[in-house]
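Below is one structure; the comments refer to it alone.
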Amino acid sequence: MKRTTTLLLIITTLLILGGIKMCAQTKKATSTAKASTSEKVREIGESDFKTLVADFNAKDWKFLGKRPAIVDFSATWCGPCKRLSPILEELANTYNGKIDFYKVDVDKCPNLSRAYGVQSVPMMIFCPMEGNPTAVTGLYPKEELVKAINYVFKLQ
């Protein structure tokens, strides 16, 4: 019994450390992607999130971006996430230079996902320059997302 408990503790620790390491490597993997990729939605990990969006360990929300942002918490195994991805790419092209679009893989960044209470994917956080962020869970049509973007970011 004692051996089984010790073994489970070791495996759990390795899985957690592996997830943190994978999340830290996201920036490196993203920057080494092919230059021909036209993706406007940038995949980020915990360290990038802390510099581009907010310090998720801080007690109070303080947006750190240079322009408003949308953060898509998603997973590679999630069907609705896969359907949302091209919609976000279109929106990133439409709002290029006005809004930054980021993607966080919940499996690679469990601490970040936990900090924002991600229980279901896709979940998007709309981060205005001032004020608190707004979270939306689920798959929405492009037209509905445009309305949400215009409302949250006061674009029209």
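Okay, here's what the table says:
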item	result
Reduced Cα scattering model of segment 58-154, Debye log10 I(q)/I(0), q = 0.11 Å⁻¹	-0.30
Evaluated over segment 64-107, the Cα radius of gyration and Dmax, each in Å	11.1, 31
Listed residues ALA54, LEU112, ASN150: farthest to the positive end of the dipole of segment 39-156 (Cβ charges)	ASN150
Per residue solvent-accessible surface (Å²) - segment 39-132, probe of 1.4 Å	50 Å²
Within straight-line cross-link reach of LYS59, aspartates and glutamates at Cα separation under 18 Å, skipping those fewer than 8 residues along the same chain	GLU46, GLU130
Of all accessible heavy-atom area on segment 114-156, the percent that carbon and sulfur account for (1.4 Å)	51 percent
For GLU43, distant residues with modelled amide H under 5 Å away	LYS103
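The values are calculated or read from the model by the stated rules, or taken from the named source; none is laboratory data. Given the structure is predicted, the values throughout are model-derived calculations rather than measurements. Positions of Cβ are backbone-derived with ideal geometry, glycine not excepted, and every protein chain shown enters the neighbour counts. Each accessible area value is taken on the protein alone, full model and side chains, heavy atoms only, with ligands, DNA and RNA left out. Shrake-Rupley method; radii C 1.70, N 1.55, O 1.52, S 1.80 Å.
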